[in-house]
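A quick write-up on the structure given underneath.
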Amino acid sequence: MPMRRPTTSLLLAALLLGVARPAAAQAESVPPFRALTDNRAVPESKAQVQLSFAPLVKRAAPSVVNVYGTHVEKRAANRGAMDEFLRRFFGDAGPNLPQERAQRSLGSGVIVDASGLIVTNNHVIENMNEVKVALNDRREFEAQIILRDPRTDLAILKIKSPSGGLTPMEIGDSEHLQVGDFVIAIGNPFGVGQTVTQGIVSALARTQVGSADYQFFIQTDAAINPGNSGGALVDLNGGLVGINTAIYSQSGGSHGIGFAIPASMVKAVVETAKGGAKTVRRPWLGARLQHVTPDIADSVGLDHPTGVLVASMQPKSPAEEAGLKRGDVVLAVDGQTVDDPEAFGYRFALKGIKGETKLTVLRGSSRMTVPVRLGPAPETRPRDTLKVKTRSPFLGATAVNLSPAVVEDLQLDLPAQSQGDGVIIAEVEGGSLANRAGLQKGDLVVAVNGAPVTSTKDLERMTRAPASMWEVTITRGGQQLTSVFGG
């Protein structure tokens, strides 16, 4: 939503544009400044360098909140003798023992709508079932989680009973950020209270960070520490250009390398929540993409490695229907250059699930524009989620039926010929038999005791029958593996 900009913003404009002075005086004191693009300019005087960010902070700070997540777990009413002994040994004894155990997390968030919508990181409220937010003016509210999006590490909260006086922050334009631009980070590091740090954009489009499926991060040297997660990265127009989400650190503190999710992706997730959806649906290409190496770039006539190589396509996918071919190099999405599969995934995901987008493709020595239909990956058969609870090598694993939607959701890299009927391991509990057996998320279950597995119903039937030995065959990374376990 648009925000009123007070006259104090002129002070910040002066920081970028320079203070007007007579031409003669300017020539006598310093050489003419070197103009940068988009009205950017280097400071001309000591007075300009001493200008303050205070007016910007005063406007932006009320939009940033502290987020407190709590996971309350009921204690079992009847405990074993060993549990009771250990509890007494460690001093947790007595007739008035609490019947609940709580785990807590602390982070930050940003109000993005006057109705009380707040964007934060998914990892801040992951596994939490009770959430509170504390405003800059010390008011506290209960909030409900209305959308989680682990693939972007974003989540949307809504204040349950807003009492008015909320100050939303306008979502800015992260597409026009440039390396060297000033930015401000606002959050609650280490739980000390709202804190403001300032720095510059150190890099754009960072794709090797590893904290989310869609990697296209803004890197900044503004100090970001634990507790800043979910907080605001603000430009000098007072707009939200990123959600601070990760740091590179060997000590747990700030080393001047922080990463923020760009506002373009934040806006897409916020709009999904405003529309009432509980999950974010993204377009499906149905092609396996890989990096363009220097050798590949040289072989196709590129002067440097850029774009993504189409390695394979799924039958009846939008990629196949659009006429893409194995060996094509996709250089851009709607004119926006992509340098690797992560950048392509980010750009493509922002296009939504309606209409079409145009890909710039290099095929041989020819460049062409290929229109691709936008739509979600189809769930060609029900997932029929199965959590195995009987004793077997699968105990503690969650399995689902294979479909293009599952491949997309789990970000699996399966060969096209493996994407027919089948069962995929979607999750493995830590410390479970399945975990100790070596099963991993993304494993394709091929057979159990020599019998083919085509659905979760097959797997449920097979794991219910007791066995003295288990022979399990899976496909992982394109290789078929068989292991034998005791019953």
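Descriptive notes on the structure:
- Projecting the Cα positions of L459, I474, A349 onto the charge dipole of region 349-487 (unit charges on Cβ atoms of Lys, Arg, Asp and Glu, taken about the Cα centre) puts A349 furthest along the positive direction.
- Net dipole in debye of region 197-332 [+1 Lys, Arg Cβ; -1 Asp, Glu Cβ; about Cα centre; nearest 20]: 580
- Sites H255 and V192 - FRET efficiency at Förster radius 22 Å, r taken between beta-carbons, to 0.05: 0.75
- For region 181-189, 3J(HN,Hα) computed residue by residue from phi via the Karplus equation (6.51, -1.76, 1.60; θ = phi - 60°) reads 5, 5, 9, 10, 9, 10, x, 10, x Hz, glycine and proline entered as x.
- Note on region 405-479: Cα Rg divided by 2.2 N^0.38 Å, N the number of residues, gives 1.10.
- ³J(HN,Hα), Karplus 6.51/-1.76/1.60, whole Hz, each residue of region 218-223, x for Gly, Pro: 8, 9, 9, 9, 4, 4
- Shape call, region 229-376: gyration tensor on alpha carbons, a/c limit 1.5: oblate
- Student exercise, region 121-172 dipole from Lys, Arg, Asp, Glu Cβ charges, in Debye to nearest 20: 120
- Spin-label pair Q479/R461, simplified geometry with 7 Å Cα→Cβ offset, distance in nm: 3.2
- If the chain linking E356 and D137 were pulled fully straight, counting 0.36 nm for each residue of separation and taking away their Cα-Cα distance, it would gain 74.3 nm.
- Under-5 Å amide H pairs with M313, H placed in peptide plane, nonlocal only: R288
- For region 360-487, relative contact order (Cα pairs under 8 Å, six or more residues apart, normalised by length) works out to 21 percent.
- Multiplying the residue separation of T167 and E126 by 0.36 nm and removing their Cα-Cα distance gives an extension gain of 12.2 nm.
- Long-range HN-HN contacts of G422 with modeled amide H, under 5 Å: L402
- Surface share of carbon and sulfur [accessible, 1.4 angstrom probe, percent] for region 129-253: 46
- Neighbourhood charge, 14 Å Cβ-Cβ cut-off, centred on R476 and excluding it, Lys, Arg +1 and Asp, Glu -1: -1
- For region 127-193, the Kirkwood estimate of the hydrodynamic radius, built from every pair of different alpha carbons, is 15.0 Å.
- Three principal axis extents describe the C-alpha atoms of region 154-198; from largest down they are 41, 27, 22 Å.
- With a threshold of 31 Å on the Cα-Cα distance, the over-threshold entries among K316/K441; K325/K387; K58/K132 are K325/K387.
The values are calculated or read from the model by the stated rules, or taken from the named source; none is laboratory data. What you are looking at is a predicted structure, and each value in this text was computed from that prediction instead of being measured. As a convention, Cβ positions derive from the backbone with ideal geometry for all residues, glycine included, and neighbour counts pool all protein chains shown. Side chains are part of the model used for accessible areas, which takes the heavy atoms of the whole protein and leaves out ligands, DNA and RNA. Shrake-Rupley method; radii C 1.70, N 1.55, O 1.52, S 1.80 Å.
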